[in-house]
Amino acid sequence: MAAACNCNAAPLTLQAGARCRQQVTSFKQSSVFGLPCFPRTRIALVNQRIGTPAAMTFALMDANGGLSDVSLAVASGGGIALLAAALSLADPEKRRQQQAAETGGDEKAVVRNYFNTSGFERWKRIYGEQDDVNSVQLDIRQGHAQTVEKTLEILNQSSLKNVTICDAGCGTGSLSIPLAMAGAQVYASDISSAMVDEAAKRASQALKENQPEPKFEARDLESITGRYDTVCCLDVLIHYPQEKAGAMVTHLASLAEKRLILSFAPKTLWYSVLKRIGELFPGPSKATRAYLHAEEDVERALNAAGWVVRKREMTATKFYFSRLLEAVPARSQ
């Protein structure tokens, strides 16, 4: 029987850090607030116990279907003391530096390598239709599908026949393929050649002879060129820090003639706290950085490029959250 963690007893203070440090060390064999804390414990259970909004838990989970190794709840004095001890034992930045060192310090290469190897297999399954996914993976699939559907609703307000669309960060083609089905001329790129190959494979299987196949190419956001009626970039900015994300927004805006659609993980106090906690217990799927972006920062970059936001959407499931913005040239308003 698992040892009980007394963090739900009398409120602890920071002076009790030594005791909490010992508790964190043996966390995998303990329980938090009366809940078992074995590997892959579902954070949904913690949500029910401490009242954390379910949509805020994405940063705590990994794509395998639960927390990286343990469940961690932060509430009351005891939880705060435990968190303080955990922070003193973890160094996410050092771990990130080690990841970058493996590729000569190139963080972009870290992302590329991940999505060409273990990340590709994991996210191909999540973005697919097969049944061998757990409840968390299914929730992420459904959340991403909602973002894609909202994007299609925006674009399908007028005919897409022969409209040129750039799908920047196309993944396995979840947006590119339905756009091509609607008659659009699609250019689709992704930093991962494995993702691009999978997207091209799915497109060839799904499209009919009279439907134009997208042009797929392995490229990162910075190297995309050309001019398009519409540029879409869904759930990609999470791989870019804010100092680079602003430049990416400017670059994407320079490619678009009439419309730019972006989605990103919004930066709020709750999301930031939960993301930080999740970083304390990295799992095999957390091989890259994940950046949240304040909506006002993204909008500021759009405004500086001469664009204004016309429509805003939000998708929040239990383990997925994404803010969607549709922007148009300010001169068109």
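Here is a check on your reading of the model: is GLY128 buried (at least 20 other Cβ atoms within 10 Å of the Cβ), among the small types (Gly, Ala, Ser) and at pLDDT 85 or above? Considered against the rule, which asks whether it is buried (at least 20 other Cβ atoms within 10 Å of the Cβ), among the small types (Gly, Ala, Ser) and at pLDDT 85 or above, GLY128 comes out as no. Could you list all residues from the stretch 278-314 that are under 20 Å from ASP235 (Cβ atoms), touching a Leu at 6+ places or on another chain (Cβ under 9 Å) and modelled with pLDDT under 95? Correct list: GLY278, GLY283, TYR291, HIS293. Pairs linking a residue in the stretch 140-167 that is more than 18 Å from TYR187 (Cα to Cα) to a residue that is of a type in the set (Lys, Arg) and surrounded by fewer than 17 Cβ atoms within 10 Å (Cβ to Cβ), with Cβ atoms under 8 Å and 6 or more positions apart or on different chains, are ILE154/LYS311.
Has the stretch 159-169 got at least one residue that is among the acidic types (Asp, Glu) and more than 16 Å from THR230 (Cβ to Cβ)?
Here is the first cut: in the stretch 159-169, the ones among the acidic types (Asp, Glu) are 167.
Then keep just the ones that are more than 16 Å from THR230 (Cβ to Cβ); that gives none.
No, the stretch 159-169 has no match at all.
Sort through SER189, SER223 and tell me the only one that's of a type in the set (S, T, N, Q) and under 21 Å from the mean Cα position of the chain (by Cα). Selected residue: SER189, the only one of SER189, SER223 that is of a type in the set (S, T, N, Q) and under 21 Å from the mean Cα position of the chain (by Cα).
Here is a yes/no grid of residues against (1) among the acidic types (Asp, Glu); (2) under 16 Å from TRP123 (Cα atoms); (3) at pLDDT 95 or above:
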| position | (1), (2), (3) |
| --- | --- |
| SER159 | no, no, yes |
| ILE165 | no, no, yes |
| ILE177 | no, no, yes |
| ASP190 | yes, yes, yes |
| ALA199 | no, yes, yes |
| ARG202 | no, yes, yes |
| ALA206 | no, no, yes |
| GLY226 | no, no, yes |
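Summed over the stretch 183-227, residues that are crowded, with 23+ Cβ neighbours inside 10 Å, over 16 Å from ALA109 (Cα atoms) and touching a residue at least 60 places away in the same chain (Cβ under 8 Å) total 0. The one condition from (1) of a type outside the set (Gly, Ala, Ser); (2) under 20 Å from ILE191 (Cβ atoms); (3) at pLDDT below 95 that LEU262 does not meet is (3).
Screening GLY119, GLY104 for residues that are at pLDDT 80 or above and closer than 27 Å to SER189 by Cα leaves exactly one candidate, GLY119.
Go through the stretch 163-179 and count every residue that is farther than 17 Å from ALA145 by Cα and open to solvent by less than 20 Å² (accessible area, probe 1.4 Å).
2
When the residues of the stretch 167-183 are filtered to those that are in contact with an Asp or Glu (Cβ under 8 Å, 6 or more places away or on another chain) and not in a helix (DSSP H, G or I), the one that is farthest from GLU217 (Cα to Cα) is LEU175.
From the list GLN137, GLN146, which residue is at pLDDT 95 or above and surrounded by fewer than 23 Cβ atoms within 10 Å (Cβ to Cβ)? Reasoning before the result, please.
Working: GLN137 fails: at pLDDT 95 or above.
That would be GLN146, the only listed residue that is at pLDDT 95 or above and surrounded by fewer than 23 Cβ atoms within 10 Å (Cβ to Cβ).
Within the stretch 298-307, the set of residues being closer than 20 Å to THR147 by Cα and either in contact with a His (Cβ under 8 Å, 6 or more places away or on another chain) or open to solvent by 40 Å² or more (accessible area, probe 1.4 Å) (or both) comprises just one member, GLU299.
The values are calculated or read from the model by the stated rules, or taken from the named source; none is laboratory data. The structure displayed is predicted, hence computed values, not measured ones. Here Cβ is always computed from backbone atoms with ideal geometry, including for glycine, and neighbour counts include all displayed protein chains. Accessible surface is based on the protein model in full, side chains and every heavy atom, while ligands, DNA and RNA are left aside. Shrake-Rupley method; radii C 1.70, N 1.55, O 1.52, S 1.80 Å.
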